[in-house]
Amino acid sequence: MQIPFHKTHTTQEEINAAVEAMHSGWLTMGPKTVEFENQFKAFIDASEAVSVNSATAALHLALKAVGLQRGDEVIVPTNTFVATAEVVTYFDGVPVLCDIEEQTHNIDVNKIEALITPKTKAIIPVHFAGQPCDMDEIYAIAKKYDLKVIEDAAHAIPSSYKGVKIGALTETDVTCFSFYATKTLSTGEGGMATTSNAAYAKNMRINRLHGISRDAWDRYTTKGAWYYEIVDNGCKYNTTDINASIGMIQLQKQDMLREKRNRIAQKYTAAFGNNSAITLPFVKDDRETSWHLYVIKVANRDSIIEALKEAGVGCSVHFIPIHKHPYYKEHYAYKNEDYPVANSVFERSLSLPIYPDMSDDEIEYVINKVNEIVR
């Protein structure tokens, strides 16, 4: 068997939706995008939803909306994809890296306060693999030091924290989602920001399309007006009706797709539970993960990856910590020894296939090969 690490769930429904959008004449942002925003905020139970072309764009606009300035510091976990730190640098701000928890791979809330200075503006918790961070503890810290909270929820559709879906937590300033090809809701490229703050939503809508003074997508219709003003130094971050049409189909399937990933996760956990060479993922009782990733920890990780590849099992590593990347290490003088847990987790982490369309035979094949190789 040859089993890829990931295969996007795409059916004729998504194809038909994209074709319909193309036949409509709206190839860029239009009425389907607005409809997708409305459906998304209803699904999440959020007050506002702003569609963009990536989670990176959502994070960038969120930081702009909350007023990040040159020299400001933002606390982010070192165990994340580079985008979480990268967006801080867009403002000539400083990403301040925090170590993580051993069990969840999420930001260690007990290490946040020591990193706070008078320049700290915000915290960006990342819901690793879809498991929500310790949000109540993060809110308490943010309130104590008057900090903004922006959730990186690229992995977290649909995840929930204490019965509330990620994206609907009202103490968060902005939550940012990814619709990249490998994500649980995929439009190829895309993203969404949710917020309960109408002013933040308005700011993000203006700045996703060049800082134009009003929603500009309909200015080419008979109801639109040609005149507009640039009221802010915005970006070109809008999405398209083609992506939005795909997104609406994917949105309808989210609970079903999550249940399929959950079923795979349960099979993996049951099968690897007696293998002492494998450390299983850990999910806290008061939250629900999307199971975007299934990450085990093993010794001799690199050689195991190669052996699994030879056996036809695709796998990956999430993530190479930010402090290990040459650019960030050189520009911000991060010290490797400051992140002992992230270092240890990185050296042992291995992500297994967990895409919804895996067959029972494929799941069993992965299980058998992992148990054969990891001893």
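Using r as the Cβ-Cβ distance of residue 137 and residue 317, and R0 as 30 Å, what FRET efficiency do you calculate, to the nearest 0.05?
Working: r = 28 Å, r/R0 = 0.92.
Calculated value: 0.60.
What order, most packed first, do the peptides 73-80, 272-279 have when packing is the mean number of other Cβ atoms within 10 Å of each residue? Intermediate values should be presented prior to the final figure.
On the way: 73-80: 27.0, 272-279: 14.4.
Result, highest mean first: 73-80, 272-279.
Given the Cα-Cα distance of residue 23 and residue 233 and 0.36 nm per residue of separation, how much length would full extension add, in nm? Write out the running numbers ahead of the final one.
On the way: separation 210, 0.36 × 210 = 75.60 nm, distance 3.34 nm.
Here the answer is 72.3 nm.
Keeping the other protein chains in place, figure out the carbon and sulfur percent of the accessible area of the stretch 234-375, with a 1.4 Å probe.
Numbers: 3060 of 6400 Å².
Here it works out to 48 percent.
Looking at this model, which pairs from 111/144; 64/144; 41/121; 119/162; 165/369; 111/183 are more than 24 angstrom apart at the alpha-carbon?
Working: 111/144 15 Å; 64/144 22 Å; 41/121 27 Å; 119/162 31 Å; 165/369 35 Å; 111/183 29 Å.
Check vs 24 Å cut-off fails for 41/121; 119/162; 165/369; 111/183.
Determine the relative contact order of the chain: mean sequence separation of Cα pairs under 8 Å and six or more apart, normalised by residue count, in whole percent. Working shown, then result.
Working: 789 pairs, mean separation 90.2, N = 375.
That works out to 24 percent.
Please state, as a whole number in µm²/s, the translational diffusion coefficient that the Stokes-Einstein equation yields for the chain at 20 °C and 1.002 mPa s, with Rh defined as the Kirkwood radius across alpha carbon pairs. Don't skip to the end; give the middle numbers.
On the way: Rh = 21.4 Å.
Rounded to a whole number, D works out at 100 µm²/s.
Can you give the % of DSSP beta bridges in the chain that are antiparallel, to the nearest 5?
60 percent
List the residues of the stretch 286-325 whose backbone N lies under 15 Å from a point placed 7 Å from the Cα of residue 275 along the Cα-to-Cβ direction.
294-316
Show log10 I(q)/I(0) for the stretch 1-122 at q = 0.23 Å⁻¹, two decimals, from a solvent-free Debye sum over equal Cα scatterers.
Rounded to two decimals, the profile gives -1.26.
Given a Förster distance of 41 angstrom, what is the FRET efficiency for residue 299 paired with residue 115, based on the Cβ-Cβ distance and rounded to 0.05? Display every interim value, and only then the final one.
Working: r = 31 Å, r/R0 = 0.75.
Taking R0 as 41 Å, the efficiency between residue 299 and residue 115 is 0.85.
Pairs of alpha-carbon atoms within less than 8 angstrom and 6+ residues apart define the contacts here; what relative contact order does the stretch 54-143 have, in percent? All intermediate terms of the calculation are to be shown ahead of the outcome.
On the way: 130 pairs, mean separation 26.1, N = 90.
Dividing the mean separation by the residue count of the stretch 54-143 yields 29 percent.
How big is D for the stretch 59-217, in µm² s⁻¹ as a whole number, if Stokes-Einstein is applied with the Kirkwood radius of its Cα pairs at 25 °C and 0.890 mPa s? Could the numbers behind the result be given before it?
On the way: Rh = 15.8 Å.
Calculated translational D: 155 µm²/s.
Given a 1.4 Å probe and every protein chain left where it sits, what share in percent of the accessible area of the stretch 1-154 is carbon and sulfur?
Details: 3130 of 6090 Å².
Ligands and nucleic acids excluded, carbon and sulfur give 51 percent.
Could you give the accessible area per residue of the stretch 52-93, probe 1.4 Å, as a whole number in Å²?
Details: 1170 Å² over 42 residues.
Each residue of the stretch 52-93 exposes 28 Å² on average to a 1.4 Å probe.
Where in the stretch 309-326 does the label zone of residue 372 land, with the point 7 angstrom along Cα→C-beta and an amide N cut-off under 15 Å?
309-314
Scaled to the compact-protein estimate 2.2 N^0.38 Å, what is the alpha-carbon radius of gyration of the stretch 291-375, rounded to two decimal places?
Working: Rg = 15.3 Å, N = 85, 2.2 N^0.38 = 11.9 Å.
After normalising by residue count via 2.2 N^0.38 Å, the value is 1.29.
What FRET efficiency comes out for the pair residue 213/residue 284, r = Cβ-Cβ distance, R0 = 56 Å, nearest 0.05? Spell out each step's value before the answer.
Values: r = 45 Å, r/R0 = 0.80.
Taking R0 as 56 Å, the efficiency between residue 213 and residue 284 is 0.80.
Separation of the stretch 236-270 and the stretch 306-330 by C-alpha centroid, Å?
24 Å
Counting pairs of Cα atoms in the stretch 119-176, how many percent are more than 13 Å apart?
54 percent
The values are calculated or read from the model by the stated rules, or taken from the named source; none is laboratory data. If you're wondering where the values come from, they're calculated on a predicted model, not measured in any experiment. When we count neighbours, we look across all protein chains shown, and the Cβ atoms used for this are built from the backbone with ideal geometry, even at glycine. Protein only, heavy atoms only, side chains kept; ligands, DNA and RNA dropped before computing areas. Shrake-Rupley method; radii C 1.70, N 1.55, O 1.52, S 1.80 Å.
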